[in-house]
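Asks: Take this structure, written in structure tokens, and hold onto it; I'll ask about it next.
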Amino acid sequence: MLYQAKKVQLAGTVSPQCSNAAVVDPALPHRTVNPPRSQSIAKTLADSIERQIAEGAWRAGDKLPSLRELAQLHRYSKNTVVAAFELLVGRGLVEPRRGAGYFVLDRAAAPRQEEDAGSLGRAMDIVWLMREQLKSRPDVLAVGDGFPPVQWLSEARLDKYHHKVVRTGLGTLFRYGSRFGYGPLREHLVRKLGDLGIGAEPRDIVLTHGANDAMDLVIRYFVPAGATVLVDDPGYYPLFGKLKLAGARIVGVPRLADGPDLETLERLLAQERPRLFFTQSVAHNPTGSDISAAKAFRVLQLAQKYNLLLVENDALADFKPTSLPRLAALDQLERTIYIGSFSKSFSAALRVGFIACNPDLASDLADLKALVHVSSSEYCERTVDVILSEGHYQRYITRLRARLADATARAVRLFEDLDATVFARTEQSLYLWGALPAVDDSLALAERLLPSKVVIAPGRVFRVNSEAVSPWSRFNVGAVLDPRFEPAIRSVLG
């Protein structure tokens, strides 16, 4: 309870010394009145707790600190705290329970629901979808979610690694790490990349705060304002946001079921002469497609011809077979910058990703990282290193891939039953890019699903031109198997 009481203290309550400051009497603008000290303090405390409830610091069902704890913490009288709680009860925010204390009511969160309800129609854009990804609402089925189901990832058993992490070097955990990142993990990544056919050394690898941070560093290094950059279209929407923030001119390369549209790619290379092409060869987000070997070779030939750098994002590598073609494996990091992550396969909370590239560029990016972040999180990097060092990791990844393959097959069968079109069919994919029958605008479909508390990710969010109407949506194969999904879809399709 001491921690909870501290939350109230941090909310900006006025100290006893200044809580009875004079206020203007609206009826007598040139005179001031001094409210009773205890009344002013009680209202200030009640307002502070109300603000925390509105912001989600206290949720429905949470027990508030006791009268005694708050009185001792703030050096208020018990009667003042009682008065504050009575104000909260009168506002319908909390209720007293005999012998147990004061608890937050369910209806306290109602004002926030009104704001969220209109968010989809008001701002179906990059920022909106990123907000949706960060929300955790057990009553809402996030069919467009970008992560595997929590039940799958819980088998990683992150709870059992803390003591092992501490034993790897207690002294250094209290200081900044290397600008390149934790050395033993980079050595592990050399072997992991070797399994994909990518030859690398520790000096070729820079650890980052996830794949998004890796892309941000590449953009900061290579992309001046006004520069033209090629991206997959549809593609990874946070990347579009980062490029817009950098002032880049974004040009989309149509994504087909077996990789980029080569004819369009070559035409754009000849016309635009861009320096970078951001792409996802394997487990493409949002379509779930994989590049064919023939297209991968041709993309590299075009990169050589037009002096193009390929930034290959492989954040879902742990979910796919190592035998699938990667540009970095075919090119051996000559014209490719390879980006990886553990956020999808272990935990997004760990925020560990990496960049693999030629050693000179790696050194420059490590310097840039030091300027931007000082260092990445060595504690998180040590945690990932410990996980990779244990035999449990390979068994866990094997089960993860098997679960994904099963979920993919079941999700495809469900979409067939719905007479939906699936853009690309692979043996295992976290995402299906699907179009439901008689749906021309998936944004309208998303709005119709809101009353059922089913949230999908409409296709326009993933397009370079987000205003273009799209029948497509990204569906998470784990989420569509939830028993709430099919009835909700059938009810809106009629």
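The values are calculated or read from the model by the stated rules, or taken from the named source; none is laboratory data. None of the values given here were measured: they were computed from a predicted structure. Note: ideal-geometry Cβ built from the backbone for every residue, glycine included; neighbour counts use all protein chains shown. SASA here: full protein model, heavy atoms, side chains in, ligands and nucleic acids out. Shrake-Rupley method; radii C 1.70, N 1.55, O 1.52, S 1.80 Å.
So that you can scan it fast, the table gives a plain yes or no per residue for (1) touching a Leu at 6+ places or on another chain (Cβ under 8 Å); (2) surrounded by fewer than 20 Cβ atoms within 10 Å (Cβ to Cβ):
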{"residue": "Asp290", "(1), (2)": "yes, no"}
{"residue": "Leu300", "(1), (2)": "yes, yes"}
{"residue": "Asp318", "(1), (2)": "yes, no"}
{"residue": "Gln332", "(1), (2)": "no, yes"}
{"residue": "Ile339", "(1), (2)": "no, no"}
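Asks: On to the next question. When Arg255 is evaluated against the numbered criteria (1) open to solvent by 20 Å² or more (accessible area, probe 1.4 Å); (2) among the basic types (Lys, Arg); (3) modelled with pLDDT of 95 or more, which criterion, by number, is the only one it fails?
Replies: (1)
Asks: Scan the stretch 365-405 for residues that are open to solvent by 40 Å² or more (accessible area, probe 1.4 Å) and touching a Phe, Trp or Tyr at 6+ places or on another chain (Cβ under 7 Å) and jot them down.
Replies: Result: Val374, Arg401, Arg403.
Asks: Suppose we filter the stretch 462-481 for residues that are within 18 Å of the chain's Cα centre (by Cα) and either of a type in the set (A, V, I, L, M, F, W, C) or assigned to a loop (DSSP other than H, G, I, E, B) (or both); how many remain?
Replies: 5
Asks: Hey, can you tell me all the residues within the stretch 227-246 that are touching a residue at least 40 places away in the same chain (Cβ under 8 Å), hydrophobic (A, V, I, L, M, F, W, C) and in a loop (DSSP other than H, G, I, E, B)?
Replies: Within the stretch 227-246, just Ala227 meets the criteria.
Yes/no per residue for (1) surrounded by 24 or more Cβ atoms within 10 Å (Cβ to Cβ); (2) basic (Lys, Arg); (3) not in a helix (DSSP H, G or I):
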| position | (1), (2), (3) |
| --- | --- |
| Glu427 | no, no, yes |
| Leu432 | yes, no, yes |
| Pro437 | no, no, yes |
| Asp440 | no, no, yes |
| Leu445 | no, no, no |
| Arg448 | no, yes, no |
| Pro451 | no, no, no |
| Arg460 | no, yes, no |
| Pro483 | no, no, yes |
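Asks: Got a sec? Which helices (runs of 4 or more DSSP H) wholly within the stretch 323-415 have at least 1 residues that are without any contact (Cβ under 8 Å) to a residue 60 or more places away in the chain and among the acidic types (Asp, Glu)?
Replies: Numbers: elements: 327-331, 359-373, 378-389.
Fully inside the stretch 323-415 and qualifying: 327-331, 359-373.
Asks: Condition first: among the aromatic types (Phe, Trp, Tyr) and under 24 Å from Thr408 (Cβ atoms). Can you find one or more residues in the stretch 306-314 that meet it?
Replies: The answer is no; no qualifying residue exists.
Asks: With of a type in the set (A, V, I, L, M, F, W, C), under 24 Å from the mean Cα position of the chain (by Cα), under 19 Å from Asn465 (Cα atoms) and open to solvent by 10 Å² or more (accessible area, probe 1.4 Å) as the only criterion, which of Leu230, Leu245 stands out?
Replies: Being of a type in the set (A, V, I, L, M, F, W, C), under 24 Å from the mean Cα position of the chain (by Cα), under 19 Å from Asn465 (Cα atoms) and open to solvent by 10 Å² or more (accessible area, probe 1.4 Å) holds for just one of Leu230, Leu245, which is Leu245.
Asks: Still on this model: In the stretch 61-82, is there at least one residue being more than 12 Å from Ile41 (Cα to Cα), assigned to a loop (DSSP other than H, G, I, E, B) and either open to solvent by less than 10 Å² (accessible area, probe 1.4 Å) or among the β-branched types (Val, Ile, Thr) (or both)?
Replies: Scanning the stretch 61-82 turns up at least one residue that is more than 12 Å from Ile41 (Cα to Cα), assigned to a loop (DSSP other than H, G, I, E, B) and either open to solvent by less than 10 Å² (accessible area, probe 1.4 Å) or among the β-branched types (Val, Ile, Thr) (or both).
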